[in-house]
Amino acid sequence: AVGLITLGSCLLTFDADGAFVFSGGAALVLLATVCWGLENNCTRKLSQNNPVLIVTIKGLGSGAVSLMIGFLAGERLGGIGAVLLALVVGFFTYGLSIACYIRAQRTLGAAKTSAYYAAAPFIGALFSFLLLGERPNGLFLLALLLLLAGALFTTFDRARKS
């Protein structure tokens, strides 16, 4: 499953009209996915605890890091209205989704939860076709088949009893 997903992802980054290069951006995406995988497995180990407590700790940590990055980039805090709006948006887009994600990890496990969560790019691609008029090429369709096969293998994986 991991091999199929990796191969499908590589096909999505391939530009048939350009030279084959591994960009710095691709390296950062790869690093981000490795970090995401590590974070998912750490969260899985904590998922038996109170999801609200886990989300609070993760939210405070990621919020502090985001503020630090923003300040280092020269950004400044907006007025109290902007801060309150950011907190409300964060509650719905991060807090609730991560609480549901942790609950799913507790019930389904890290691999299956991640496979279901990985449906988001498929949905995004569908919207790009429907709303933006994007058209898939042959590489996209091949990558889609590989990614779907990888997601299905992960979803229907049966753990061996030892």
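The values are calculated or read from the model by the stated rules, or taken from the named source; none is laboratory data. Just so you know, these numbers come straight off a predicted model, no measurement behind them. Counting neighbours? That spans all protein chains shown, and the Cβs are built from the backbone with ideal geometry, glycine included. Side chains are part of the model used for accessible areas, which takes the heavy atoms of the whole protein and leaves out ligands, DNA and RNA. Shrake-Rupley method; radii C 1.70, N 1.55, O 1.52, S 1.80 Å.
Select from Gly25, Ala149, Leu108 the residue farthest towards the positive end of the dipole of the chain; place +1 on Cβ of Lys and Arg, -1 on Cβ of Asp and Glu, and compute about the Cα centre.
Leu108
Keeping every protein chain present and rolling a 1.4 Å probe, give me the accessible area per residue for the chain in Å².
On the way: 11880 Å² over 162 residues.
Accessible surface, normalised per residue, equals 73 Å².
Please compute the modelled spin-label separation between Ala26 and Leu60, points set 7 Å along Cα→Cβ, answer in nm with one decimal.
Distance between the two pseudo-spin positions: 4.1 nm.
Subtracting the Cα-Cα distance from 0.36 nm times the residue separation, let me have the gained length for Leu142 to Phe156 in nm, one decimal. Could the numbers behind the result be given before it?
Numbers: separation 14, 0.36 × 14 = 5.04 nm, distance 2.12 nm.
Stretched fully, the Leu142-Phe156 segment lengthens by 2.9 nm.
Based on the Cβ-Cβ distance of Leu132 and Leu72, what FRET efficiency does E = 1/(1 + (r/R0)^6) give at R0 = 41 Å, to the nearest 0.05?
Working: r = 34 Å, r/R0 = 0.82.
My answer for the efficiency is 0.75.
Extension gain Val2-Thr33, at 0.36 nm per residue separation less the Cα-Cα distance, in nm? Could the numbers behind the result be given before it?
Values: separation 31, 0.36 × 31 = 11.16 nm, distance 1.24 nm.
This chain segment gains 9.9 nm when fully extended.
Kindly list the residues of the range 66-95 that lie in the label zone of Cys42, defined by a backbone N under 16 Å from the point 7 Å along the Cα-to-C-beta vector.
66
Name the helices (complete DSSP H segments) of the chain with a Cα length along the long axis of 30 Å or more and a Kyte-Doolittle mean of at least 0.0, or state none.
On the way: long enough: 24-46 (33 Å, 0.67); 51-72 (31 Å, 1.75).
Once both thresholds are applied, what remains is 24-46, 51-72.
Would the range 30-162 count as rounded, prolate or oblate if I go by the C-alpha gyration tensor, calling it rounded below 1.5 in a/c and otherwise prolate when a/b exceeds b/c, oblate otherwise?
Numbers: a/c = 2.23, a/b = 1.25, b/c = 1.78.
Verdict is oblate for the range 30-162.
Cα convex hull of the range 1-99: how many Å³ per residue?
Details: hull volume 15.6 nm³, N = 99.
Cα convex hull per residue, to the nearest whole number: 158 Å³.
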